[in-house]
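*Asks:* Mind having a look at this structure? Questions to follow.
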Amino acid sequence: MALTYFKRYRMETDLVGRDLSPIVPQGYRLLAWDPALLESHAQTKYLSFRNELDSNVFPCLGELTGCLRLMEEISSKPNFLPEATWLAARELSDDGRLEYCGTIQGIRARDGYGSIQNLGIVPVHRDRGVGTALLFRALQGFRQAGLRRVSLEVTVENDGAVRLYQRHGFVPVKTVFKAAEVVFS
Ligand SMILES: CC(C)(COP(=O)(O)OP(=O)(O)OC[C@H]1O[C@@H](n2cnc3c(N)ncnc32)[C@H](O)[C@@H]1OP(=O)(O)O)[C@@H](O)C(=O)NCCC(=O)NCCS
C-alpha cells in the first residue's frame with residue numbers, strides 16, 4: 001500500500017439561459033429518483049466504477065457494499081436533490097423489462113450551487129450519448145430546484161470525463177489533491 005495523491009479539478013458551469021433538454025439515445029430512458037431504486041443506483045454505480053481510476057481514488061466505488069453505503073449516505077442527506085438524481089435504463093423488450101446502465105446523483109451545496117456526486121455509465125453502454133443525456137437531465141433538475149450554478153470534481157487523468165464536462169460548459173476553477181491508499185500489485 002502506498003499513499004498516493006490524485007490531482008483533481010473542481011469544475012463549474014452556469015445554468016442560466018441554457019437549453020438543457022437531454023437527448024436520450026434511442027432505446028434508452030431516464031428514470032426519476034425513487035427510493036425503491038436505491039439498490040439499482042448502487043449496483044449501476046458499482047458496475048460503472050469498479051475497474052476505473054476513480055475506484056483507486058475512492059475505494060468504496062470499487063465494491064458493491066461501498067456503493068450501497070454511498071447511495072444510502074447521499075440519499076439521506078438533508079440537501080439531497082431527487083430532481084438531479086437519475087438512473088438510465090435500456091429497454092430490453094416490449095414487455096417493459098429494463099437493464100440499468102447509468103447513474104447520476106445531485107445535492108444542493110452552498111450559495112445557490114448544485115453539486116454532482118457521481119456520474120457513471122456501465123462500460124458496454126458508453127460512447128452512445130447516455131452519459132451526456134444523464135448529465136443534461138441532472139442539470140435541468142438542479143435548475144428546477146432553483147440553482148444557478150453546478151460544480152463537480154473530476155480526476156485530471158480521467159480524460160474522457162474531463163472532455164465530456166468541458167464539452168458541456170464546465171470549466172476548471174480550482175485544483176485539489178485527494179490522498180488515497182493504493183494497492184500496487
Ligand atoms: C465518463 C463517462 C460517464 C462518459 O459516459 P458516456 O455515456 O460514454 O458519455 P457519452 O457517450 O455522452 O460521451 C462519450 C463519448 O462518446 C461520444 N458519443 C456520444 N454519442 C455518440 C454516438 N451516438 N455515437 C458515437 N459516439 C458518441 C462523445 O462524443 C464522446 O466522445 P469523446 O470520448 O471523444 O469525448 C463514462 O466513460 C464512465 O462512466 N466512466 C467511468 C466512471 C467515471 O469516471 N465517471 C466520471 C466521474 S467524474
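*Asks:* How large is ³J(HN,Hα) for each residue in region 115-122, as worked out from phi by the Karplus curve 6.51 cos²θ - 1.76 cosθ + 1.60 (θ = phi - 60°), to whole Hz, x for Gly and Pro?
*Replies:* After applying 6.51 cos²θ - 1.76 cosθ + 1.60, I find 9, 7, 8, 8, 10, x, 10, 4 Hz.
*Asks:* How would you classify region 75-185 from its alpha-carbon gyration tensor, with a ≥ b ≥ c the square roots of the eigenvalues: rounded for a/c under 1.5, else prolate if a/b is greater than b/c, otherwise oblate? Display every interim value, and only then the final one.
*Replies:* Working: a/c = 1.67, a/b = 1.16, b/c = 1.44.
Oblate, because a/c is 1.5 or more while a/b does not exceed b/c.
*Asks:* Gaussian network model of the chain, Cα springs within a sub-10 Å range: biggest mean-square fluctuation belongs to which of V156, V130, V122?
*Replies:* Highest fluctuation of the listed residues: V156.
*Asks:* Spelling out what I want: for every residue of region 105-113, take phi, set θ = phi - 60°, compute 6.51 cos²θ - 1.76 cosθ + 1.60 (Karplus), and round to whole Hz; glycine and proline get x.
*Replies:* Those phi angles translate into 10, x, 10, 7, 9, 6, 6, x, 9 Hz.
*Asks:* Additional query: For region 74-87, what does the Karplus curve 6.51 cos²θ - 1.76 cosθ + 1.60, with θ = phi - 60°, yield as ³J(HN,Hα) per residue in whole Hz, taken in order and with x for Gly and Pro?
*Replies:* Result, rounded to whole Hz: 4, 6, 9, 5, x, 9, 4, 10, x, 4, 10, 10, 9, 10.
*Asks:* Now for a different question. Given the Cα-Cα distance of S21 and Q144 and 0.36 nm per residue of separation, how much length would full extension add, in nm?
*Replies:* Values: separation 123, 0.36 × 123 = 44.28 nm, distance 1.23 nm.
This chain segment gains 43.1 nm when fully extended.
*Asks:* Rounded to the nearest 500, what is the 222 nm mean residue ellipticity of the chain from helices alone, with -39500 (n - 2.57) per DSSP H run of 4+ residues and division by all residues?
*Replies:* Values: 5 runs with 53 residues, N = 185.
Result for the chain: -8500 deg cm²/dmol, rounded to the nearest 500.
*Asks:* Residues with amide H under 5 Å of Q117's amide H, sequence separation 5 or more or different chain, H placed in the peptide plane at 1.01 Å from N; which?
*Replies:* Amide H neighbours of Q117: Q105, G106, I107.
*Asks:* Return the percentage of antiparallel bridges among DSSP beta bridges fully within region 2-182, rounded to the nearest 5 %. Don't skip to the end; give the middle numbers.
*Replies:* On the way: 36 of 39 bridges.
Close to 90 percent.
*Asks:* If you don't mind, another one. Determine, for M1, M11, the number of other Cβ atoms within 10 Å of each Cβ, and report the residues in order from fewest to most. Don't skip to the end; give the middle numbers.
*Replies:* On the way: M1 8, M11 21.
By the 10 Å Cβ count, ascending: M1, M11.
*Asks:* While we're on this one: Taking a ≥ b ≥ c as the square roots of the eigenvalues of the Cα gyration tensor of region 1-78, is the shape rounded (a/c under 1.5), prolate (a/b larger than b/c) or oblate?
*Replies:* Values: a/c = 1.81, a/b = 1.29, b/c = 1.41.
The shape class here is oblate.
*Asks:* Which lysines, on any chain, are close to K7 with Cα under 26 Å apart, when same-chain ones fewer than 8 places away are left out?
*Replies:* Partners found: K45, K174, K178.
*Asks:* Grab the Cα-Cα distance for E181 and E73, subtract it from 0.36 nm times how many residues apart they are, and report the gain in nm with one decimal. Can you show the working numbers first?
*Replies:* On the way: separation 108, 0.36 × 108 = 38.88 nm, distance 2.19 nm.
Once the chain is fully extended between E181 and E73, it gains 36.7 nm.
*Asks:* Next question. Given Cα pairs under 8 Å that are at least 6 residues apart, what percent is the relative contact order of the chain? Intermediate results must be reported in sequence, preceding the final value.
*Replies:* Numbers: 370 pairs, mean separation 71.2, N = 185.
In percent, rounded to a whole number, it is 38.
We did not get these values from a lab; they are worked out from the coordinates using the rules stated. Worth saying up front: this structure is predicted, and the values here are computed from it rather than measured. Every residue, glycine as well, gets a Cβ built from its backbone with ideal geometry; the counts of neighbours run over all protein chains shown.
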